[in-house]
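Okay, structure first, notes after.
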Amino acid sequence: MSTPVETIAEVKTDLLYASISLKKEETERNQKEGSERMRKARRAIEDYLEEKRLSQAISDGWDD
């Protein structure tokens, strides 16, 4: 049978592991969200540049 001190130590260890696990999940989620924002930003920049090139080509009288 566990002593109260051993029980408290086990609970503290479980809480520590749970805290580490939650922090790791939060970090992973933040990285995924950051990657998604970067991908959307890159796509928006590419779309803008393509639109700009097309506008320039049309104003120059040349169209693909």
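The values are calculated or read from the model by the stated rules, or taken from the named source; none is laboratory data. Since we're looking at a predicted model, the values are computed, not measured. Please note: Cβ atoms are built from the backbone with ideal geometry, for glycine as well, and neighbour counts cover all protein chains shown. For accessibility, only protein heavy atoms count, side chains too; no ligands or nucleic acids. Shrake-Rupley method; radii C 1.70, N 1.55, O 1.52, S 1.80 Å.
Numerical summary
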read-out	value
Single match in Thr3, Thr27, Thr13 (criterion: over 33 Å from the mean Cα position of the chain (by Cα) and open to solvent by less than 100 Å² (accessible area, probe 1.4 Å))	Thr3
Members of the range 38-64 that are in a helix (DSSP H, G or I) and surrounded by fewer than 10 Cβ atoms within 10 Å (Cβ to Cβ)	Ser59
Inter-residue pairs, beta-carbon under 6 Å, first on the phi > 0 side of the Ramachandran plot and in the range 7-31, second part of a helix (DSSP H, G or I) and open to solvent by less than 80 Å² (accessible area, probe 1.4 Å), 6+ apart	none
